1. With respect to LEU91, determine if the residue is modelled with pLDDT of 95 or more, touching a helix residue (DSSP H, G or I) at 6+ places or on another chain (Cβ under 7 Å) and within 26 Å of LEU39 (Cβ to Cβ).
2. Give me a count of the residues in the stretch 182-209 that are closer than 23 Å to SER25 by Cα and of a type outside the set (Gly, Ala, Ser).
3. Restricting to the stretch 91-115, name every residue that is surrounded by fewer than 17 Cβ atoms within 10 Å (Cβ to Cβ) and closer than 21 Å to GLY137 by Cα.
4. Taking the stated definitions as given, is SER123 of a type in the set (S, T, N, Q) and within 12 Å of the ligand (Cβ to nearest atom)?
5. Quick check on the stretch 159-185: of everything there that is within 18 Å of ILE18 (Cα to Cα) and over 14 Å from the mean Cα position of the chain (by Cα), which residue is farthest from the ligand (Cβ to nearest atom)?
6. Provide a single number: the residues in the stretch 135-144 that are within 13 Å of the ligand (Cβ to nearest atom) and within 18 Å of ALA98 (Cβ to Cβ).
7. Does the stretch 51-69 contain any residue that is touching a residue at least 24 places away in the same chain (Cβ under 8 Å), touching a helix residue (DSSP H, G or I) at 6+ places or on another chain (Cβ under 8 Å) and over 13 Å from LEU126 (Cβ atoms)?
8. Where in the stretch 99-209 are there helices (runs of 4 or more DSSP H), lying fully within it, with 2 or more residues that are within 21 Å of ILE36 (Cα to Cα) and touching a residue at least 60 places away in the same chain (Cβ under 8 Å)?
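The values are calculated or read from the model by the stated rules, or taken from the named source; none is laboratory data. Just so it is clear, the structure is predicted and the values come from calculations on it, not from any experiment. When we count neighbours, we look across all protein chains shown, and the Cβ atoms used for this are built from the backbone with ideal geometry, even at glycine.
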Amino acid sequence: MDGVTVINHPLVQHKLTIMRRKETSTSSFRRLLREISTLLCYEVTRDLELTMETIETPLTEMQSPILEGKKLVFASILRAGNGLLEGMLELVPAARVAHVGVYRDHETLQAVEYYFKAPDALSERLVIVVDPMLATGNSSIAAIEKLKERGAKNIRFLCLLAAPEGIKNFQAAHPDVPIFTASIDSHLNEKGYIMPGLGDAGDRMYGTK
Ligand code: URA
């Protein structure tokens, strides 16, 4: 599918299967989410630009590659996005973090922002927006609208599972934002859950109902 990268690394797929099982405990789910997010982060950053820097090893001077540009931003869509942050920050400890809380007003269909905190100079940074589930796409579409309003231009979206309906809505709203996911599932059910899915990601990681 155009604009969508499915990360089918065997370790990602293996961990995802365990996360989907209904009997997987909260503590296991959280640990797996941290592990899988590290692997997803590796893939979503695979083509970051490098620049050459002159350094001195204990033996000699050399030209060596280092990440170019300003520190990247991981933008978590509250609350489930936070579950992906820990593992990603393990891999990119210098990344800056944004938090975005949004919901779609059912009557006006406008994105209502209840929380927004982001580092400066969003327009000069790569912003990787994270949310485990791309279901209807409403919250990720709204969160990205808010990030764009603050200047973000270079954006990628990373999730664990995506529904075809969500991908369609998302791409209609943000055709410039590539999607990275571990799986494209079958469909959304009448309650907006991804099928076969893994249930409510926030509830599963935090032990709520
Ligand atoms: N959000 C979730 O956590 N799970 C779904 O299946 C859909 C949206």
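1. yes
2. 13
3. The answer is TYR103, ARG104, ASP105, HIS106, GLU107, THR108, LEU109, GLN110, VAL112, GLU113, TYR114, TYR115.
4. Against the criterion (of a type in the set (S, T, N, Q) and within 12 Å of the ligand (Cβ to nearest atom)), SER123 does not qualify.
5. ILE184
6. 2
7. No - not one qualifying residue is present in the stretch 51-69.
8. 201-206
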